[in-house]
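Since the structure comes first, as structure tokens, the remarks are kept for the end.
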Amino acid sequence: MSAAKLRQWRQHKAFRIEAPRWSAAQCADIERYLGELAEAVPVEVPEVVRPTADDNALAEAATNLWRAQRKLAQGKQEAQGKQAARYLRTCAEALAEAGLTLQDHDGEPFHSGRSVEVLLYSEDPEATAETVLETVRPAVYHHDRRIQTAQVIVAVPIAPVADPKDSHA
């Protein structure tokens with residue numbers, strides 16, 4: 001007895017579905033139609049691209065470059081700082097020519113559908129909507145293919161405290 005027939009026997013008699021009874025000609029027609037359909041509709045399987053060791057090394061280098069540039073932008077501009085900033089800028093330009101792009105999310109509106117990793121939700125009395133407060137690690141793209149997901153801290157507005165005497169419960 002086939003597995004399909006056994007599954008039907010588990011059901012109450014009123015709910016059992018009898019197997020279809022097709023002639024050999026009908027079965028041949030169905031096979032032919034399915035073959036034509038498979039030829040007419042090309043099935044494209046999307047290529048799943050996983051980051052390689054090279055991608056991970058590029059992402060790590062780009063992230064450290066981004067962190068160094070942010071640190072220099074925050075500090076005082078001395079002669080050595082200016083020279084280091086120039087070297088970092090040259091390095092960033094070389095990586096951009098190689099197809100590497102970094103995306104910083106600071107100050108952008110946040111919604112749950114974004115493809116970022118939220119490390120922390122921080123209540124902020126000045127926030128009117130959920131906003132990316134700080135990018136801890138930028139998103140890195142290599143030729144428009146993401147090889148590193150951004151990590152962010154999100155500022156959340158403080159919810160007003162409900163007044164117990166205004167309760168209608």
Worksheet item: Hey, Lys82 hits all of (1) of a type outside the set (Ser, Thr, Tyr); (2) surrounded by fewer than 15 Cβ atoms within 10 Å (Cβ to Cβ); (3) at pLDDT below 85; (4) not in a helix (DSSP H, G or I) but one; which does it fall short on?
Response: (4)
Worksheet entry | Boolean, Ile17 is at pLDDT 70 or above, in a helix (DSSP H, G or I) and hydrophobic (A, V, I, L, M, F, W, C) | no
Item to complete: Find the residue count for segment 108-127, including only residues that are modelled with pLDDT under 90 and among the polar types (S, T, N, Q).
Response: 2
Worksheet entry | Filter result (at pLDDT below 90 and under 12 Å from the mean Cα position of the chain (by Cα)) within segment 128-145 | Arg145
Worksheet item: Take the residues of segment 20-55 that are modelled with pLDDT of 75 or more and assigned to a loop (DSSP other than H, G, I, E, B): which is least open to solvent (accessible area, probe 1.4 Å)?
Response: Ser23
Worksheet entry | Hey, Leu88 open to solvent by 30 Å² or more (accessible area, probe 1.4 Å), over 27 Å from the mean Cα position of the chain (by Cα) and not hydroxyl-bearing (Ser, Thr, Tyr) or not | yes
Practice prompt. Pick out, from segment 116-161, the strands (runs of 3 or more DSSP E) lying fully within it that include 1 or more residues that are open to solvent by 80 Å² or more (accessible area, probe 1.4 Å).
Written response: 116-124, 131-137, 145-148
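The values are calculated or read from the model by the stated rules, or taken from the named source; none is laboratory data. Since this is a predicted model, take the numbers as computed values, not measurements. When we count neighbours, we look across all protein chains shown, and the Cβ atoms used for this are built from the backbone with ideal geometry, even at glycine. What goes into the accessible areas is simple: the full protein's heavy atoms, side chains included, and nothing from ligands, DNA or RNA. Shrake-Rupley method; radii C 1.70, N 1.55, O 1.52, S 1.80 Å.
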